[in-house]
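Presented below is the structure to which this report refers.
The values are calculated or read from the model by the stated rules, or taken from the named source; none is laboratory data. This structure is a prediction, so every number in the text was calculated from the model and none was measured. Cβ coordinates were reconstructed from backbone atoms using ideal geometry, including for glycine residues, and neighbour counts include every protein chain displayed. Areas reflect the complete protein model, heavy atoms only, side chains present, ligands, DNA and RNA absent. Shrake-Rupley method; radii C 1.70, N 1.55, O 1.52, S 1.80 Å.
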Amino acid sequence: MQKVLLSIFLVCCWAAVLPAQNIPLSYYLPSIDYDPAVPTPEQVLGFPIGKWHLTHDQLLLYVRAVAAKSDRIRLEETGRTHEDRPLVILYITSPANQGRLEEIRQQHLALSDPEESKKADVSEMPAVVYQGFTIHGDEASGANAAPLVLYYLAAGRSEEVLKLLDHTVILFDPCFNPDGMQRFATWVNMNKSRNLVADPQNRELNQPWPGGRTNHYWFDLNRDWLPAQQPESQARLRVFQAWKPNILTDHHEMGWNSTFFFQPGVPERTNPLTPERNQELTAQIGQYHAAALDAIGSLYFSQENYDDFYYGKGSTYPDLNGGIGILFEQAGLEGHLRETANGTLHFSFPIRNQVTTALSTLKAAGELRTELLDYQRAFYQSGVEEARTDKRKAFVFSAPGDPARARAFIELLLRHQIRVQEVETSLRVEEKTFEACQSFAVPLEQPQYRLIRTLFENVLEFRDSIFYDISAWTLPLAFQLEYASLDKGQWKDIRDGKVLSTAPPLPLQRVDYSAYAYLMHWSDYYAPKALNLLQQKGIRTKVATEPFGDAQGRTFERGTILVAVQNQDLTPAALHEYIMRVSQESGISFYAVKSGLNPAGIDLGSNNFRPLEAPRPAMITGEGVSSTDAGEIWHLLDQRYGMPLTMLDMNDMGRYDLSKYQTLILADGRYNNLSAGATQNIRQWVQSGGTLILLENAVKWGAEQQLAKVKMLPEPKPDSAGMRRPYADLQDDLGAKSIRGTIFPGQLDRTHPLGYGFSSDDLPLFRNNTVFFKAAENPYATPLLYTSGVPISGFRSDVHQQNLSQSAGIVVSGFGRGRVICMAQDPNFRAFWYGTNKLMANALFFGGVIEGRGME
């Protein structure tokens with residue numbers, strides 16, 4: 001007993017004395033026989049794990065070296081990051097299983113087919129475990145643990161390892177987020193001292209904005225499993241859906257004064273679509289983690305803080321795919337040595353905990369193998385049984401006037417292996433018309449029944465008021481689609497439509513030659529990309545502020561883009577050739593017209609066609625700015641619109657020449673640390689005719705500086721304000737005061753330039769903040785208004801209902817010759833809120849078109 005206590009004491013003290021020593025493999029891994037032909041991390045890297053933070057290229061170097069030496073490993077590149085770093089997956093199993101890997105995969109996939117699974121024998125079937133590390137680049141202990149786990153699996157020769165490999169296929173992803181990992185490792189290594197400094201105020205331990213958490217465009221990849229808008233996520237999903245693992249582990253870090261967390265999370269905050277058996281198995285696996293951490297003396301906790309509600313996280317997404325998702329949260333150091341509430345800890349300590357729980361997961365998978373496989377089979381069988389009793393038989397959807405939005409949604413569904421069919425017969429449901437060959441249906445009776453429900457359903461009932469992430473993500477609302485559920489009779493009429501294997505191509509019209517003019521609808525999602533291409537070429541463009549109809553019987557709405565052939569720098573033939581190129585690159589149809597005289601509405605020479613100036617956008621970045629919100633804007637403009645965006649540092653705003661830009665964007669954030677000189681620079685620029693776009697909390701700064709003429713609504717007080725409350729209710733009360741990702745109804749003025757291109761006045765709005773301001777006193781200056789404080793989907797905060805029911809979504813105010821556009825919500829949320837992206841595009845391209853009399 002004394003020896004056991006002494007060993008635990010030494011383990012706890014080891015992390016504090018390690019800085020002066022080399023770190024042996026025995027500190028991390030079981031003392032078993034290892035194959036000397038497989039190189040250790042130190043043999044390849046030249047230093048032991050934990051001495052430095054691995055960069056991604058070093059991690060990849062070791063991964064490739066081991067794969068080249070081991071017949072237990074097959075390495076595959078699955079994609080590339082935005083910065084062109086390889087995304088790799090390693091298939092780890094016994095040499096015998098490697099020889100029949102595809103056969104094993106097909107047998108395993110049969111468990112997700114309710115009919116095929118009935119005859120599947122799981123007695124000898126391997127379990128499939130997906131182990132992923134460091135989806136947040138600055139949570140580095142996971143990726144630094146990966147080489148050690150890999151070495152154990154590739155070189156270990158114990159009976160336990162050999163048995164594990166015989167009965168398990170491991171999908172091993174050494175780093176989910178290579179770009180973020182590289183950014184963070186570079187920072188901590190370049191600021192590391194020979195004599196390690198544990199002071200939390202040390203430069204090494206305080207990475208600069210935007211930090212290494214996110215990917216290249218500053219997206220949180222652990223919120224992207226469901227939307228799957230980033231290349232890293234799409235690569236992961238291809239692997240995940242190709243195998244449908246029984247367990248997926250996601251290795252994270254949390255605050256440095258914490259210990260170690262493993263799931264289950266808070267029971268009351270588990271999504272009700274998750275079967276109870278899932279949580280039972282999660283708890284069983286948790287017993288293995290507890291035993292392993294007990295053995296090395298590490299503190300831990302479970303069933304607190306974290307939850308399994310939002311299915312867009314790595315630890316929750318498997319729960320709707322027949323598997324068990326497991327979140328690990330290790331107290332992070334953000335450097336090599338740090339003073340914490342649990343003592344002065346060296347980087348090797350969190351690495352060891354990550355290694356330990358990675359191995360305990362594999363032990364659990366081996367010993368619970370048949371239970372996990374049986375659960376997977378039962379999950380899909382019960383899902384189809386529930387679908388058969390569901391009165392709804394399918395969902396139908398369309399995007400009138402905008403096939404690109406429908407196409408993007410179909411691509412998302414297909415990534416999740418959801419069956420989508422064409423609607424070949426027009427139908428009318430719930431006073432909505434779904435045209436043949438332009439509409440699509442998703443039948444509910446298919447293996448992904450539960451996943452379809454979470455994508456399509458509005459949710460208004462909750463067991464808790466606290467959410468680790470968002471409370472609503474109804475994707476047809478996010479894509480601003482027309483959609484409805486179909487009953488048995490309605491579904492019977494269209495059920496034989498063609499099943500899609502890929503999203504349909506965009507219906508491009510041939511661009512005829514014109515010596516007069518070309519027209520382009522603004523309703524298509526990629527119309528801003530086409531307009532940007534025209535403006536970058538120096539082509540003069542105008543926008544219609546009134547509707548019209550041409551001699552061919554075509555109708556054109558407000559927002560239609562006009563390109564006159566005469567008085568351009570290009571010859572008519574060259575202009576036609578370039579417009580054809582723009583059409584192909586953007587997927588937008590252009591219409592040739594031969595006359596400016598229209599039988600309906602305005603003529604092409606009318607002053608109601610307003611000339612457009614290129615946006616020439618810039619955005620303030622730096623400490624205080626929400627990097628994720630700024631990243632969404634950067635991604636939208638750069639990736640989808642092909643538009644260069646200048647990013648200005650907040651600390652230097654006083655010295656920049658802002659006359660180079662037509663538009664300045666302030667994403668959500670705190671701008672009170674802008675200097676007086678910087679504020680004056682912005683003020684003078686707006687007065688001179690610039691368009692300032694303020695988003696979310698940036699509106700507060702604009703109001704304080706009297707740049708934005710908006711009246712902020714005060715933070716409402718709950719009915720219990722001033723009353724004595726139990727201390728234990730503190731977190732619940734705070735949760736009730738927040739708006740954690742809720743969808744509210746908005747009403748859009750489509751005659752306003754900021755409303756151009758939308759197909760409906762009704763616009764679902766995603767709210768993730770408590771920024772409220774009143775509608776403008778000028779009756780023309782509030783193009784977007786909240787119509788109710790009652791959500792369409794998501795948690796209802798009664799505290800904010802009154803504020804929402806009388807607040808504006810957008811207010812436009814004048815300042816000198818310029819204009820200030822204030823948006824209360826994020827129109828670009830996580831790159832999947834396609835339905836409101838056009839608010840951002842309209843502010844960029846049409847902000848200068850708004851008349852002075854239409855501003856507050």
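What residue, among those in region 160-183 that are closer than 20 Å to T356 by Cβ and open to solvent by 10 Å² or more (accessible area, probe 1.4 Å), is nearest to the chain's Cα centre (by Cα)?
Per the criteria, the residue is D173.
Which pairs do you get when a residue that is in a loop (DSSP other than H, G, I, E, B), found in region 407-424, comes within reach of a residue that is open to solvent by 40 Å² or more (accessible area, probe 1.4 Å), reach meaning Cβ atoms under 7 angstrom, with the pair 6+ apart or on two chains?
R419/V499; V420/L414; E424/C437
If the requirement is being out of contact with any Gly (no Cβ under 9 Å at 6 or more places or on another chain) and touching a residue at least 60 places away in the same chain (Cβ under 8 Å), which of these qualifies: A145, A140, A198? Give the steps one after another, and end with the answer.
On the way: A140 fails: out of contact with any Gly (no Cβ under 9 Å at 6 or more places or on another chain); A198 fails: out of contact with any Gly (no Cβ under 9 Å at 6 or more places or on another chain).
Exactly one of A145, A140, A198 is out of contact with any Gly (no Cβ under 9 Å at 6 or more places or on another chain) and touching a residue at least 60 places away in the same chain (Cβ under 8 Å), namely A145.
Would you confirm whether or not region 620-631 contains a residue that is more than 19 Å from the chain's Cα centre (by Cα), crowded, with 20+ Cβ neighbours inside 10 Å and outside any strand (DSSP E or B)? Give the derivation first.
Taking region 620-631 and keeping what is more than 19 Å from the chain's Cα centre (by Cα), we get 620-624.
Remaining after also requiring crowded, with 20+ Cβ neighbours inside 10 Å: 620-622.
Filter once more, so that each one left must be outside any strand (DSSP E or B): 622.
Within region 620-631 (the criterion being more than 19 Å from the chain's Cα centre (by Cα), crowded, with 20+ Cβ neighbours inside 10 Å and outside any strand (DSSP E or B)), the answer is yes, since at least one residue qualifies.
Please find, within region 155-191, the residue that is nearest to R100 (Cα to Cα) out of those that are in a helix (DSSP H, G or I) and of a type in the set (G, A, S). Step through it out loud before you land on a result.
Our first condition is that a residue be in a helix (DSSP H, G or I); within region 155-191, this holds for 155, 159-167, 178-190.
Subset that is of a type in the set (G, A, S): 155, 180, 185.
Details: A155: 21, G180: 36, A185: 38 Å.
Result: A155.
Consider A120 against the criteria (1) open to solvent by less than 10 Å² (accessible area, probe 1.4 Å); (2) over 33 Å from the mean Cα position of the chain (by Cα): it satisfies all of them except one. Which criterion is unmet?
It is condition (1) that A120 fails.
I'd like the full set of residues that are in a loop (DSSP other than H, G, I, E, B) and within 17 Å of S233 (Cα to Cα), limited to region 308-350.
Residues of region 308-350 that are in a loop (DSSP other than H, G, I, E, B), as a first pass: 308-316, 321-323, 332-336, 341-342, 347.
Answer for region 308-350, where residues must be in a loop (DSSP other than H, G, I, E, B) and within 17 Å of S233 (Cα to Cα): Y310, Y311, G312, K313, G314, S315, T316, N321.
Given the criterion surrounded by fewer than 15 Cβ atoms within 10 Å (Cβ to Cβ) and not β-branched (V, I, T), identify the matching residue among A110, A68, A127. Give the steps one after another, and end with the answer.
Details: A110 fails: surrounded by fewer than 15 Cβ atoms within 10 Å (Cβ to Cβ); A127 fails: surrounded by fewer than 15 Cβ atoms within 10 Å (Cβ to Cβ).
Being surrounded by fewer than 15 Cβ atoms within 10 Å (Cβ to Cβ) and not β-branched (V, I, T) holds for just one of A110, A68, A127, which is A68.
Across region 425-440, what is the number of residues that are outside any loop (DSSP other than H, G, I, E, B) and either of a type in the set (A, V, I, L, M, F, W, C) or in contact with a Cys (Cβ under 6 Å, 6 or more places away or on another chain) (or both)? Working first, answer last.
Residues of region 425-440 outside any loop (DSSP other than H, G, I, E, B): 427-429, 432-434, 439-440.
Cutting the leftovers down to either of a type in the set (A, V, I, L, M, F, W, C) or in contact with a Cys (Cβ under 6 Å, 6 or more places away or on another chain) (or both) gives us 427, 429, 434, 440.
Matching residues across region 425-440 total 4.
Given the condition open to solvent by 10 Å² or more (accessible area, probe 1.4 Å) and under 22 Å from S382 (Cα atoms), answer yes or no: does some residue in region 292-305 qualify?
no
Which one of E577, E585 is farther than 24 Å from G757 by Cβ and surrounded by fewer than 20 Cβ atoms within 10 Å (Cβ to Cβ)?
Result of the check over E577, E585: E577.
Exactly one condition in (1) buried (at least 21 other Cβ atoms within 10 Å of the Cβ); (2) under 26 Å from the mean Cα position of the chain (by Cα) is not met by H416; state its number.
Here H416 clears every test but (1).
Quick one: is R203 open to solvent by 10 Å² or more (accessible area, probe 1.4 Å), among the basic types (K, R), more than 29 Å from A67 (Cβ to Cβ) and modelled with pLDDT of 95 or more? Give the derivation first.
Working: open to solvent by 10 Å² or more (accessible area, probe 1.4 Å): yes; among the basic types (K, R): yes; more than 29 Å from A67 (Cβ to Cβ): yes; modelled with pLDDT of 95 or more: yes.
Against the criterion (open to solvent by 10 Å² or more (accessible area, probe 1.4 Å), among the basic types (K, R), more than 29 Å from A67 (Cβ to Cβ) and modelled with pLDDT of 95 or more), R203 qualifies.
Let me confirm something: among G549, G601, G596, which residue is at positive phi and modelled with pLDDT of 95 or more?
On the way: G549 fails: at positive phi; G596 fails: at positive phi.
Of G549, G601, G596, the one residue that is at positive phi and modelled with pLDDT of 95 or more is G601.
Which residues, taken from region 559-581, are out of contact with any Gly (no Cβ under 8 Å at 6 or more places or on another chain) and in a loop (DSSP other than H, G, I, E, B)? Spell out the reasoning first.
Residues of region 559-581 out of contact with any Gly (no Cβ under 8 Å at 6 or more places or on another chain): 560-568, 570-581.
Result: T560, V565, Q566, N567, Q568, L570, T571.
One line per residue, one yes/no per condition, for (1) part of a loop (DSSP other than H, G, I, E, B); (2) not β-branched (V, I, T):
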position	(1), (2)
V442	no, no
I452	no, no
I470	yes, no
P476	no, yes
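Checking T560 against (1) under 30 Å from V420 (Cα atoms); (2) over 30 Å from the mean Cα position of the chain (by Cα); (3) buried (at least 21 other Cβ atoms within 10 Å of the Cβ), which test does it fail?
All conditions pass for T560, except number (1).
Residues T270, T249, T259, T274: which one is closer than 28 Å to L111 by Cβ, more than 16 Å from the chain's Cα centre (by Cα), touching a residue at least 40 places away in the same chain (Cβ under 8 Å) and open to solvent by 10 Å² or more (accessible area, probe 1.4 Å)?
Values: T270 fails: touching a residue at least 40 places away in the same chain (Cβ under 8 Å); T249 fails: open to solvent by 10 Å² or more (accessible area, probe 1.4 Å); T259 fails: closer than 28 Å to L111 by Cβ.
Only one candidate passes the filter, namely T274.
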